[in-house]
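Asker: A single structure is presented below for examination.
The values are calculated or read from the model by the stated rules, or taken from the named source; none is laboratory data. The structure presented is a predicted model; accordingly, all values stated were derived computationally and were not measured. In this analysis, Cβ positions are derived from the backbone assuming ideal geometry, glycine residues included, and neighbour counts consider all displayed protein chains. To get the accessible areas, we keep the full protein, side chains included, count just its heavy atoms, and leave off ligands, DNA and RNA. Shrake-Rupley method; radii C 1.70, N 1.55, O 1.52, S 1.80 Å.
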Amino acid sequence: MSKLTIAMVAVAAMGCAVAARANGPAGDACAAKLTADGKAIYTATVAAKPTTETLRPTVEKEARSLVMGGKIARSSARDNAVAAGECVKTALQ
C-alpha cells in the first residue's frame, strides 16, 4: 500500500470519528432539560464514552452506580436513566 493510500485511509477514519460525535451539542441541549438526577446520569454516561452498541448497558451501569453511591434517588432512577439515555443517543448520532 502506498503512503498516499495509507494517509487517505487515516484521514477517512478520523472523519468518521468526528462525524460520530457531530451531534454532541444536540445531546448537551437535550441534557439541559433533564432533572438534576438525569443530568448526573447523562454526565456519567458520556464520560464512559459509550458507542451506540454499548449505550444501554452503559446507562444502566452508570445509573446503578449513582444510586448505590447515594448520589441519585432510587425511586426515579429508571425514568431519569431512560431520559438521559435518549440524550446520549442524540449525542452519538
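Asker: Write out, first by first residue and then by second, each pair whose Cβ atoms fall under 9 Å of each other, whose residues are 6+ apart or on separate chains, and whose first residue, in the range 73-93, is of a type in the set (Asp, Glu) while the second is open to solvent by less than 20 Å² (accessible area, probe 1.4 Å).
Answerer: Qualifying pairs under 9 Å: 79/38.
Asker: Another question about this same structure. For the range 1-49, give me every one of the helices (runs of 4 or more DSSP H) that falls completely inside it and has 1 or more residues that are open to solvent by less than 80 Å² (accessible area, probe 1.4 Å) and modelled with pLDDT of 55 or more.
Answerer: Hits in the range 1-49: 24-31, 36-47.
Asker: Yes or no: residue 52 within 9 Å of the chain's Cα centre (by Cα) and open to solvent by 40 Å² or more (accessible area, probe 1.4 Å)?
Answerer: The answer is yes for residue 52.
Yes/no matrix, rows are residues, columns are (1) of a type in the set (Asp, Glu); (2) part of a loop (DSSP other than H, G, I, E, B); (3) open to solvent by 30 Å² or more (accessible area, probe 1.4 Å):
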{"site": "57", "(1), (2), (3)": "no, no, yes"}
{"site": "60", "(1), (2), (3)": "yes, no, yes"}
{"site": "66", "(1), (2), (3)": "no, no, no"}
{"site": "72", "(1), (2), (3)": "no, yes, no"}
{"site": "75", "(1), (2), (3)": "no, yes, yes"}
{"site": "80", "(1), (2), (3)": "no, no, no"}
{"site": "83", "(1), (2), (3)": "no, no, yes"}
{"site": "86", "(1), (2), (3)": "yes, no, yes"}
{"site": "91", "(1), (2), (3)": "no, no, no"}
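Asker: Show the residue pairs that are 6+ apart or on different chains and have beta-carbon atoms under 9 Å apart, the first residue being within the range 52-67 and closer than 14 Å to residue 90 by Cα, the second being open to solvent by 30 Å² or more (accessible area, probe 1.4 Å) and of a type in the set (Val, Ile, Thr).
Answerer: As it stands, the answer is 59/82, since those pairs meet every condition given.
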